[in-house]
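Before any comments, here is the structure.
Rule-based calculations on the coordinates, nothing more; no lab input. Every value quoted in this text rests on a predicted model; they were computed, and no experiment measured them. Don't worry about glycine lacking a Cβ; one is built from the backbone with ideal geometry, like all the others, and counts go over all protein chains shown.
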Amino acid sequence: MTDSRSSDTTRSGSGATARQRAIDAYDSARGSVADAGRRAADTLTEAPLIALAGGLAAGALIAALLPRTDAEDRWVRPTARRVRRSANAAFDAARTTGTQRLGEVGLSREKGEETIRSLLDRVTDVAKATAQAATDAAKNAN
């Protein structure tokens, strides 16, 4: 009889230990979730643009993974075409205006190339003069 009581105590003791471990694990998980929620809230208040960018990236990833539907093609395609046409028109207008304004102030592709070439020539001359001065100084120091 003593054996059955001791084995019952052992079983109930290990059961209590397993139960306590489960409770501890639950409490730990609950605490971790609460901490993660606080960190997410802190991030949103401290860096809302980063959170927004992350949300947009996640949305784009999900959208890229999902197949397109016929309804989506019917509704989105005309809008996408208008947006693409508007973006191309804006780019062309900016490029034309930029080129025109640069020409008005005397800047052109040829003028830019000439300026860069002249600048590189001057930098090369400075480097040669500096190297020569260092060489002369080293010779005179000996």
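Across region 63-101, which residue is nearest to the chain's Cα centre (by Cα) among those that are within 30 Å of Gly112 (Cα to Cα) and of a type in the set (Gly, Ala, Ser)?
Ala87
Name, by its number, the condition in (1) under 37 Å from the mean Cα position of the chain (by Cα); (2) surrounded by fewer than 10 Cβ atoms within 10 Å (Cβ to Cβ) that does not hold for Ala58.
Unmet condition: (2).
Which members of region 86-142 meet the condition of being surrounded by 10 or more Cβ atoms within 10 Å (Cβ to Cβ) and of a type in the set (S, T, N, Q)?
Ser86, Asn88, Thr96, Thr97, Thr99, Ser108, Thr115, Ser118, Thr124, Thr130, Gln132, Thr135 - these are the residues of region 86-142 that are surrounded by 10 or more Cβ atoms within 10 Å (Cβ to Cβ) and of a type in the set (S, T, N, Q).
Could you please find all residues in region 61-85 being surrounded by 10 or more Cβ atoms within 10 Å (Cβ to Cβ), not β-branched (Val, Ile, Thr) and not in a helix (DSSP H, G or I)?
The one that is surrounded by 10 or more Cβ atoms within 10 Å (Cβ to Cβ), not β-branched (Val, Ile, Thr) and not in a helix (DSSP H, G or I): Arg68.
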